[in-house]
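Taken together, the values in this text are just the output of simple stated rules run on the coordinates, not laboratory data. Model, not experiment: these values are computed from the prediction. Cβ placement follows ideal geometry from the backbone for every residue including glycine, while neighbour counts extend to all protein chains displayed.
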There are 2 protein chains.
Amino acid sequence: MFDALHYLVAQFVPLSDREKSVLESAFVFKQVPRKFPLVKHGQIANELYFINKGMLRLFYENDGDEITAYLFRENLFASSYDSFLRQTPSIQSLETLEDSDLLVITQPKMNELYEVLPKFNILTRKIAEQRFINAQQILSSFLLDSPEERYAKFVEQNGDLLLRVPHHIIASYLGMTPVSMSRIRNRLAQQKR
Amino acid sequence: MFDALHYLVAQFVPLSDREKSVLESAFVFKQVPRKFPLVKHGQIANELYFINKGMLRLFYENDGDEITAYLFRENLFASSYDSFLRQTPSIQSLETLEDSDLLVITQPKMNELYEVLPKFNILTRKIAEQRFINAQQILSSFLLDSPEERYAKFVEQNGDLLLRVPHHIIASYLGMTPVSMSRIRNRLAQQKR
DNA sequence: TCCTTCCATTAACAATTGTAAAGAAATGAG
DNA sequence: CTCATTTCTTTACAATTGTTAATGGAAGGA
């Protein structure tokens with residue numbers, strides 16, 4: 001149950017067996033169905049999720065329709081970070097896209113871990129740094145690439161998601177409408193022929 | 001010379017007079033002219049800058065033309081963060097937009113500070129967190145707002161920069177061409193009448 | 001001060017995107 | 001298995017953006 005978590009943590013900071021069990025005890029296993037709301041916008045996010053199985057989507061609610069901010073797959077930590085970090089009402093919502101197996105840690109448990117296991121500071125800092133670098137990469141794609149190039153890069157890096165995630169959710173993640181994405185798909189398919 | 005720096009640091013973590021002087025001694029004052037290159041893309045960024053006076057721009061070089069990634073004004077830390085944090089070749093360039101007064105700290109000096117002044121960890125973590133939240137805000141503007149709304153928000157928050165920074169540099173920061181930004185300015189000006 | 005370079009706007013045209021609506025196909029819940 | 005819902009694509013039209021080029025004006029360096 002904790003294999004994937006330990007594997008990820010080990011990439012950032014090595015832990016002894018005893019430290020590993022301390023880490024494990026801070027998490028609670030939770031199985032949630034598809035379309036399950038984990039954070040609603042306006043609420044304060046007080047849980048951080050490690051995804052053992054399934055998929056989560058972080059999204060904005062913009063007068064009626066939903067705009068994807070990020071897609072989290074297996075073996076990633078997911079949360080409405082700004083809300084979780086600063087304990088402020090979230091401007092985003094977090095929901096499962098599939099039936100999911102999650103390891104859940106609460107904000108109070110996090111603070112306990114910081115005291116008992118100082119190395120945990122390094123882990124969260126590195127995760128935050130990675131999130132920043134990641135956000136910057138996505139941002140650069142909006143500045144440097146055309147919608148067509150942005151879609152092409154997405155397929156390169158996350159092609160499998162086209163079969164797992166509804167296209168209109170991917171389209172809003174790429175900053176375009178489903179109609180426009182369908183046209184781009186058509187254009188690229190014809191270029192290949 | 002260090003007033004603004006101390007003021008910013010105090011917002012994150014309180015320092016004693018002795019700690020302040022330790023902090024000061026890690027920085028070197030540097031006066032650089034307009035259009036001075038601080039980091040060239042491909043190089044590893046080994047300096048972090050606090051801006052006492054002037055203005056810096058972080059930008060991508062995309063076959064010939066330059067796309068603004070961020071504009072740094074007075075009283076901010078500036079750097080090609082991903083390169084500085086991970087000591088990898090920078091994909092961005094950093095340059096002054098005006099004659100600038102900078103406080104410079106090198107990567108080795110930073111590491112010394114971490115050891116002598118443990119509180120420094122908190123400071124850099126919070127700065128990194130702020131940068132992430134900031135990047136996410138900009139990204140959300142690309143997902144949620146039209147180019148026209150994006151320009152309007154920029155004017156609200158950074159209107160003074162319209163008089164300090166060439167418009168084509170702002171346009172690329174907003175993900176549009178100077179021509180399109182000029183049209184948007186025209187449209188918004190007519191709505192006011 | 002003069003001269004060169006840079007800069008902002010405008011125009012015209014092509015290309016792309018958004019919007020609204022409709023239909024076909026796939027999916028999920030009971 | 002069946003039916004209602006969701007999802008993807010296509011079409012037609014309006015609106016916006018990108019591109020290229022030209023102009024007048026501002027700014028910077030010697």
Provide a single number: the residues in segment A:155-180 that are small (Gly, Ala, Ser) and within 12 Å of chain B (Cβ to nearest Cβ). 3
Looking at segment B:150-160, is at least one residue closer than 22 Å to residue A:177 by Cα and either within 14 Å of DNA strand D (Cβ to nearest atom) or in contact with a Leu (Cβ under 9 Å, 6 or more places away or on another chain) (or both)? yes
So residue A:116 ticks every box in (1) more than 9 Å from every other protein chain (Cβ to nearest Cβ); (2) buried (at least 17 other Cβ atoms within 10 Å of the Cβ) but one. Which box is left unticked? (2)
Checking residue B:181 against (1) crowded, with 19+ Cβ neighbours inside 10 Å; (2) within 12 Å of DNA strand C (Cβ to nearest atom); (3) under 18 Å from the mean Cα position of the chain (by Cα); (4) of a type in the set (A, V, I, L, M, F, W, C), the condition it does not meet: (3)
Would you check which residues across segment A:121-154 are within 18 Å of the chain's Cα centre (by Cα), over 18 Å from residue B:144 (Cβ atoms) and facing another protein chain (nearest Cβ under 8 Å) and list them? A:125, A:128, A:129, A:131, A:132, A:133, A:136
Can you name the strands (runs of 3 or more DSSP E) wholly within segment A:35-108 that have at least 1 residues being more than 20 Å from residue A:8 (Cβ to Cβ) and among the acidic types (Asp, Glu)? A:56-62, A:65-72, A:93-96
Mind listing whichever residues of segment B:34-48 are away from DNA strand C (no atom under 16 Å from the Cβ) and either away from chain A (no Cβ under 14 Å) or buried (at least 20 other Cβ atoms within 10 Å of the Cβ) (or both)? B:38, B:39, B:40, B:42, B:43, B:44, B:45, B:46, B:47, B:48
